[in-house]
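Below is one structure, written out as C-alpha cells; comments come after it.
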Amino acid sequence: MSKTNPGLLTIVLAAGKGTRMKSALPKVLHQVGGRSLVGHVIGLAAETGAAHHAVVIGPDMDNVRAEATRLAPAASVFVQRDQLGTADAVLSAREAIASHIGDVIVLYGDTPLIRAATLEGMRAALDGGANVVVLGFEAADPTGYGRLLTGPSGDLEAIREEKEASPAERAVRLCNSGVLAFRCPDLMSILTRIGNANAKGEFYLTDAVEIARKDGLRAAVVVCPEEEVLGINSRDQLAAAEAIFQTRARRYAMAEGATLIAPETVWFSFDTRIGRDVVIEPNVFFGPGVSIEDNVTIHANCHFLQAVVRAGARIGPFARLRPGADIGPDAHIGNFVEVKNTIVEAGAKANHLAYVGDGRVGAGANIGAGTIFCNYDGFNKHRTEIGAGAFVGSNSALVAPVRIGNGAYVGSGSVITRDVPAGALALERSEQKVVEGWAEKFRTLMSRKKAKTA
Ligand code: UD1
Ligand code: MG
C-alpha cells in the first residue's frame, strides 16, 4: 500500500478534549507503544497511500497541530471552533473535501489500533459498489455505541445512536466504530444536509448513511475484531490499548524470528526493529528508535532508547543503552553499563559497571570495570576516543576531551586528563609502598592496648 493514491483523502478527527483522561495534555497526545494516539492514526492514514490528509483539532491545541505537522508535514490542519458533533468536525475540513475528487476516509484520533488491512477491506467494499462503508464490530457490551441497522440483503440501512434507538434497536450488537469511507458523487451535499434535531442536539456524521440511501446510494458494513477499534477515553482504556499493542508487537517479533523467553515481560515501541535469531531474556524495555540486528543476545533487565545493536552483539544483563548508542558487531556490553552517544566498534567490550558517554570505543578495545567517561564539566559535553585494541584498566576516570591511542594501556585506578599515545602505558596513581612484617607488629601492639583498657 505504499503507492500514492491521488483519489483518496483521509480526515482524522482529533478535536475532543478527552476530559476523562484528567490531563493537561489533549487526549490524542497520550501514548501507546511510545507514540501518540493521533500519531498511530496519522501513520495508518499514511499507509493508505492517500495523497491528501486532513487533521481536525480543537482550539488551543497547538501541541496537537505540531504533532500532526511533524508526522505528516503535507497534512492540512483544520480547527473545529465548537464541538457540535462528528459531522460538524468533518465539515471543519470542508475546504479539503470540496476541492477533492475521489474517496474520503474518516478516522478518529483516539482509536489507535486499526490495521491497514482493515482499511483495505473497506476500500475493497467501495470498489464492490458501496458508496458509504462503515467499519463495524460485534460489541461485547454495545452500551454507548451507534448501532448498525442492516436490511435483509446485508446492506446498511442506518446507524442509530443509542439515545435515538428503540429497545429493539438497542438489542443490536453490531456497532459503529466511527470509521467511515465514502465514494459519493457529492459528499458535501450529503454532509451539509445533516441536521442536529436529535437527543444530543449534535450534528451526527452517522446520519450520512440514511441521507445517502435516500439519494439512491448504497451503504455497506465491513466488520473487524472489537479490540482493533478500541477508542481511548480514560487511563484504563489507555492501558488496555497498550496491552493489545504489546501483544501484537511480541507476536510480530517472534513471527519474524526472535526468541522471547517471557514475551509478556518484553516491551516494544511502535518502531522497534528486531532481527532474526535474536534472543531476548525477561524484562526488557525498548523505547522508540531502537534497532537490533540479527543474532544479538539481550540478557535480562535491559533498557533501550534510540540505540542500535549490530549483529552478534551481547547486551546485559542490566545494561542501559541511551540515545546514540551504537554497539558494533560481536561487541559485549555487560551488567550495569550505561552507553550514550557512543560508537562501540566491532568486538569491543565493556562488561561491568561503566559509564560510556559521548565517545568512540575502537574495535576490540576493553573497557574495565568501573570505568567512567567524565564527559560533562557542568557546562559542556566533551568526547572520549578510545583507539582500537586499547585496554582501559578498572576504575579509571577518563576526563574528556581525551584520546587513548590504538593499543595503549591505562593502568587501573588512573584519572586520565591528557591524551595517551598509541602503544603507551598511562598510569596516574601514587606509588605503592610495601612494609614487610608490618601486620604482625600492628596486631601485637593493638591487642596489648586493648588488654590494658579492659
Ligand atoms: C461516535 C459515533 C457512534 C460510534 C462511536 C464509536 C457519531 C454521531 N456517533 O459516538 O456511532 O459508535 O463514535 O466510538 O458519530 N469529535 C470531534 N468534534 C466533535 C465531536 C467529536 O472532533 O464535535 C471527535 C472526537 O474527538 C472523537 C470522535 O470525533 O475522536 C468521536 O466523538 P465522540 O463524541 O466520542 O462520539 P461518540 O458519542 O462516542
Ligand atoms: Mg466516543
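Of note:
- Förster radius 56 Å - calculated FRET efficiency between Ala451 and Glu428, Cβ distance, rounded to 0.05: 0.80
- The DSSP beta bridges internal to the range 1-126 are antiparallel in roughly 10% of cases.
- Protection proxy ranking, highest mean first, for peptides 39-45, 166-172: 39-45, 166-172, where packing is the per-residue count of other beta-carbon atoms within 10 Å, averaged.
- Burial order of peptide ranges 433-446, 50-63, 16-29 (average beta-carbon count within 10 Å, highest first): 50-63, 16-29, 433-446
- Distance between modelled label sites at Asp215 and Asp141, nm, 7 Å Cα→Cβ extension: 3.8
- Nitroxide proxy distance, nm - points 7 Å out along Cα→Cβ at Arg170 and Ile261: 5.3
- Packing-based order for 274-286, 246-258, using average beta carbon neighbours within 10 Å, highest first: 274-286, 246-258
- Inter-part distance, the range 261-301 to the range 170-206, computed on C-alpha centroids, equals 43 Å.
- Each residue in Ile315, Ile343, Ile101 was given a count of other beta-carbon atoms within 10 angstrom of its own, and listing them fewest first yields Ile101, Ile343, Ile315.
- Sorted by Cβ density within 10 Å, fewest first, the residues Asp215, Asp127, Asp103: Asp127, Asp215, Asp103
- Within the chain, percent of DSSP bridges classed antiparallel, to nearest 5: 20
- Once the Cα-Cα distance is subtracted from the 0.36 nm per residue extended length, the Ala124 to Ala51 segment shows a gain of 24.5 nm.
- Adding -39500 (n - 2.57) for every DSSP H run of four residues or longer, then dividing by how many residues the chain holds, sets the calculated 222 nm ellipticity at -6500 deg cm²/dmol.
- For the listed residue pairs Lys22/Lys163; Lys22/Lys340; Lys17/Lys214; Lys163/Lys214; Lys27/Lys381, the alpha carbons are over 32 angstrom apart in Lys22/Lys340; Lys17/Lys214; Lys27/Lys381.
- Calculated FRET value between Glu226 and His382, using beta carbons and R₀ = 35 Å, to 0.05: 0.05
- Ordering Glu338, Glu226 from the fewest to the most neighbouring beta carbons within 10 Å gives Glu226, Glu338.
Taken together, the values in this text are just the output of simple stated rules run on the coordinates, not laboratory data. Keep in mind that what you see is a predicted model, and the values were worked out from it rather than measured. Cβ coordinates were reconstructed from backbone atoms using ideal geometry, including for glycine residues, and neighbour counts include every protein chain displayed.
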